[in-house]
Amino acid sequence: NPTSIRDRSIVLVGLMGSGKSTVGRRLAGRLGMRFADADDEIERAAGMTIADIFERFGEAHFRDGERRVIARMLAGKPMVLATGGGAFINPDTRALILRDSLCIWLDADIATLVERVGRRSHRPLLKNRDPAEVLRELAAVRNPIYAEAHLRISSASTPHDHTVRAILEALS
Ligand code: S3P
């Protein structure tokens, strides 16, 4: 049997607003693979929202649960997995993703990200902060780390379907 792109999970990484969940769901549809969103899985496992986990237990606790959930998903049948923006920044989680998947960085400029996250976000890192400022700070720290992904695809100011197509072309 020829090896196929479907033999390995595909993990999407990148900043908040880069389109990981939307692009991931559509990509999975096109490839006939299962899709999961790590943030949703964490909320389900914890029976709490991400915002509540951050508030009650702190970010370090969240990162630990995030790593365990991602490890469990990557141990199963190949799938497309959208991760929260900080997952790949955690060294243990990053090592796991790089080892067990084909990992794609969805890269977009700050203006695009700001537009997509909106003014009132449920995201704890944007709470009571100017989203543009937070995203600029995060991009400065994280972009060199996202660059370790196997593939980098721009999702800047383009409809998500274009991004899906760009990924399919890069994989073909
Ligand atoms: C985070 C991104 C969020 C979520 C949490 C932390 C981050 O996911 O995991 O709020 O550190 O960038 P999205 O990238 O899906 O918004």
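The values are calculated or read from the model by the stated rules, or taken from the named source; none is laboratory data. None of the values given here were measured: they were computed from a predicted structure. Note: ideal-geometry Cβ built from the backbone for every residue, glycine included; neighbour counts use all protein chains shown.
Would the range 85-96 turn up any residue that is of a type in the set (Gly, Ala, Ser), at pLDDT 95 or above, closer than 15 Å to residue 39 by Cβ and in contact with an Asp or Glu (Cβ under 8 Å, 6 or more places away or on another chain)? The answer is yes; a qualifying residue exists. The residue of the range 29-47 that is surrounded by the fewest Cβ atoms within 10 Å (Cβ to Cβ), among those that are assigned to a strand (DSSP E or B) and hydrophobic (A, V, I, L, M, F, W, C), is 35.
So is residue 99 among the basic types (Lys, Arg) and either surrounded by 19 or more Cβ atoms within 10 Å (Cβ to Cβ) or away from the ligand (no atom under 13 Å from the Cβ) (or both) or not? For residue 99, the condition - among the basic types (Lys, Arg) and either surrounded by 19 or more Cβ atoms within 10 Å (Cβ to Cβ) or away from the ligand (no atom under 13 Å from the Cβ) (or both) - is met.
Return yes when residue 107 is buried (at least 19 other Cβ atoms within 10 Å of the Cβ), within 21 Å of residue 171 (Cβ to Cβ), of a type in the set (Asp, Glu) and in contact (Cβ under 8 Å) with a residue 60 or more places away in the chain and no when it is not. Yes: the conditions hold for residue 107. Against the condition more than 22 Å from residue 165 (Cβ to Cβ) and either hydrophobic (A, V, I, L, M, F, W, C) or surrounded by 14 or more Cβ atoms within 10 Å (Cβ to Cβ) (or both), how does residue 50 come out, does it pass? Answer is yes for this residue.
Listed residues 87, 149, 82; which is in contact (Cβ under 8 Å) with a residue 60 or more places away in the chain and either loosely packed, with under 14 Cβ neighbours inside 10 Å or out of contact with any Ser or Thr (no Cβ under 6 Å at 6 or more places or on another chain) (or both)?
Details: 87 fails: either loosely packed, with under 14 Cβ neighbours inside 10 Å or out of contact with any Ser or Thr (no Cβ under 6 Å at 6 or more places or on another chain) (or both); 82 fails: either loosely packed, with under 14 Cβ neighbours inside 10 Å or out of contact with any Ser or Thr (no Cβ under 6 Å at 6 or more places or on another chain) (or both).
Testing whether each residue is in contact (Cβ under 8 Å) with a residue 60 or more places away in the chain and either loosely packed, with under 14 Cβ neighbours inside 10 Å or out of contact with any Ser or Thr (no Cβ under 6 Å at 6 or more places or on another chain) (or both) leaves just 149.
Scanning the range 152-169 for residues that are in contact (Cβ under 8 Å) with a residue 40 or more places away in the chain, in a helix (DSSP H, G or I) and of a type in the set (A, V, I, L, M) gives 164, 167, 168.
Based on what the data block shows, is residue 16 in contact (Cβ under 8 Å) with a residue 60 or more places away in the chain, over 26 Å from residue 156 (Cα atoms) and under 17 Å from the mean Cα position of the chain (by Cα)? Judged against the criteria, residue 16 is not a match.
Residues in the range 79-100 that are touching a helix residue (DSSP H, G or I) at 6+ places or on another chain (Cβ under 6 Å) and either aromatic (Phe, Trp, Tyr) or not in a helix (DSSP H, G or I) (or both): 80, 81, 82, 83, 84, 88, 90. Residues that are within 13 Å of the ligand (Cβ to nearest atom), under 23 Å from residue 119 (Cα atoms) and of a type in the set (Lys, Arg): does the range 66-87 have at least one? No, that holds for no residue.
Only residues that are of a type in the set (Lys, Arg) and in contact with a helix residue (DSSP H, G or I) (Cβ under 7 Å, 6 or more places away or on another chain) were counted in the range 9-41, giving 3.
Here residue 157 meets each of (1) modelled with pLDDT of 95 or more; (2) touching a helix residue (DSSP H, G or I) at 6+ places or on another chain (Cβ under 6 Å) with one exception, condition (1).
Condition check for residue 144 on (1) surrounded by fewer than 12 Cβ atoms within 10 Å (Cβ to Cβ); (2) under 18 Å from residue 50 (Cβ atoms); (3) not hydroxyl-bearing (Ser, Thr, Tyr): one failure, at (2).
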